[in-house]
1. What does the charge count near G304 come to, summing +1 for each Lys or Arg and -1 for each Asp or Glu among other residues with Cβ under 10 Å from its Cβ?
2. Counting only protein heavy atoms and using a 1.4 Å probe, what share of the accessible area of the chain belongs to carbon plus sulfur, as a whole percent?
3. Whose amide H sits under 5 Å from the amide H of I268, counting only residues 5 or more places off or on another chain, with H placed in the peptide plane?
4. Show me 157-167, 415-425, 252-262 ranked by packing, highest mean number of other Cβ atoms within 10 Å first.
5. Sort the following peptides by mean Cβ neighbour count (other Cβ atoms within 10 Å, averaged over residues), highest first: 216-229, 345-358.
6. Quick one: P(r) of the stretch 242-293 from all Cα-Cα pairs, 5 Å bins, percents rounded to integers, in order of increasing distance.
7. With a 1.4 Å probe and all protein chains kept in place, how do L12, L238 rank by accessible area, largest first?
8. Heavy-atom accessible area per residue, the chain, 1.4 Å probe: how many Å²?
Amino acid sequence: MKIVCVILAAGLGKRMNSAVPKVLHRICGVPMLQSVINTARKLKPEKIVVVAGKHIDMLKKTVAADDVLFVRQKKAKGTAHALASARQALKNFRNVIIVMNGDSPLVTDDTIRRFLKLHLRGRNSVSVISFTAVDPSSYGRIVRSDSGKVLSIVEEKDADRMQKNIHEVNSGVYAINHDALCLLDDIKMNSAKGEYYLTDIVALSSKKGLKTAAFCIGSDDEFMGVNTREELSRASQLMKKNIINKWIGKGVSFLDPQTVFVHYDVHIGRDTTIYPNVFLEGNTKIGRGTTIYPNVRVKDGFIGSNVVIKDSSVIEGSTIKDRASIGPFAHIRPGSEIGNEARIGNFVELKKAVIGRMSKASHLSYLGDAKIGERVNIGAGTITCNYDGERKHSTIIDNGVFVGSDSQLIAPLRIGKGAYIGAGSTITKDVPPSALALSRVVQKNIMDWAKKRSGMKNKMSKSRNKK
Ligand code: UD1
Ligand code: MG
């Protein structure tokens with residue numbers, strides 16, 4: 001069956017109290033509208049139409065794709081007016097239109113597919129998914145006759161006391177046959193809000209004797225609409241739980257899943273263990289058998305297998321290869337690549353640094369714009385001085401180099417294969433392979449200096465006491 005999905009996303013979202021359009025607020029790293037588009041895409045529709053309002057350019061910039069057509073609703077005059085704005089785009093289409101709200105990011109394609117089957121089997125003109133809400137106050141109530149026939153949908157503001165007690169509510173997902181779209185012309189403006197409500201299509205269709213139904217197949221969690229910040233955080237919690245349960249099912253261990261955040265696009269390999277308070281964000285991929293200790297944040301990171309990321313480390317836009325060890329308290333900034341079995345220890349900051357296989361920077365270092373070979377030892381407190389106040393320069397350290405502690409490497413610089421840098425050196429010139437580079441003052445020992453000093457002190461205090 002050919003369908004078209006129309007996603008309503010032009011509302012003002014006033015209840016969010018935000019400069020960001022409501023449907024672009026993110027849930028588990030993905031703008032709500034993107035989640036709805038992803039769901040629509042899985043239904044393989046002929047077209048996906050997004051109805052956007054004054055923020056159309058922002059929406060396009062964030063979620064534009066070849067299979068998404070944007071139409072403009074000039075003024076936010078309600079959900080029926082929004083669908084009417086898409087009519088031109090639906091002109092030549094002769095089948096079922098699935099309408100979805102851009103603020104319901106948890107809806108699944110499975111439920112909509114089931115709904116579409118019911119709509120087609122019933123040969124309905126208009127159908128809607130309903131669900132039972134514990135607190136129905138932010139949804140339209142489904143009003144049925146004594147025999148159970150759907151009569152109308154009534155919004156909270158227009159509901160009488162009896163209707164307010166109804167817990168069966170409108171999900172905002174509709175199936176409308178193309179020939180029932182003309183009902184939109186008969187929808188009157190709702191006087192309480194000055195808007196045209198799409199919900200009224202149900203009463204109009206039912207009154208005209210067209211087959212109309214509400215299928216109560218939704219759940220409170222799946223169909224929650226996000227209108228406020230409080231609902232945004234509840235939706236985030238729900239999606240996060242779904243994501244973590246998916247990875248648990250695929251063999252990932254979470255010591256305390258409630259405290260872990262995993263974005264929608266993250267991938268985690270089998271037998272990986274995640275400790276509490278870990279954030280896995282963006283396009284992060286983690287291999288198998290890796291351990292991530294508490295308070296770690298990884299954003300757009302490619303982490304290999306059997307890696308250990310110790311407590312309180314941050315990894316952004318970088319690759320960590322198999323069996324490497326990071327942290328505790330390491331900061332791996334974008335553009336870095338840590339080779340197999342390499343070790344980056346406490347208070348080490350990397351930026352655009354490539355660290356070769358089995359190399360080590362175990363303590364208190366800054367390595368920026370650096371290319372470091374294999375089996376290199378970077379001593380504690382080493383700094384690549386990559387910035388001259390105007391430009392960045394790179395440091396190249398070849399295989400097998402030993403950099404002594406507390407060295408400053410003033411870039412641009414190359415340290416040849418197997419060279420040694422004496423601790424405490426400031427290196428300003430290239431070092432040839434196998435050389436020892438030293439730049440510190442030669443040590444001078446003054447014999448018996450300490451004894452003489454204490455003798456002096458005793459003399460001085462005696463003469464002070466006499467006075
Ligand atoms: C709407 C339904 C309500 C349903 C609930 C489900 C109406 C009148 N009410 O209420 O019955 O239970 O969704 O979550 O339809 N929009 C536009 N243009 C507009 C106004 C809204 O495109 O002029 C879009 C919004 O961006 C949003 C969607 O339509 O994505 C729903 O609008 P919203 O204002 O959130 O309606 P609700 O009050 O949640
Ligand atoms: Mg809403």
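The values are calculated or read from the model by the stated rules, or taken from the named source; none is laboratory data. Since we're looking at a predicted model, the values are computed, not measured. Methodologically, a virtual Cβ is constructed for each residue, glycine included, from the backbone with ideal geometry; neighbour enumeration extends over all protein chains shown. Ligands, DNA and RNA are excluded from the accessible area calculation, which covers all protein heavy atoms including side chains. Shrake-Rupley method; radii C 1.70, N 1.55, O 1.52, S 1.80 Å.
1. Net of charged neighbours comes to +3.
2. That fraction is 51 percent.
3. Result for I268 returns I286.
4. Final packing ranking: 415-425, 252-262, 157-167.
5. The peptides rank, most packed first, as 345-358, 216-229.
6. 6, 23, 37, 31, 3
7. L12, L238
8. I get 51 Å² per residue for this part.
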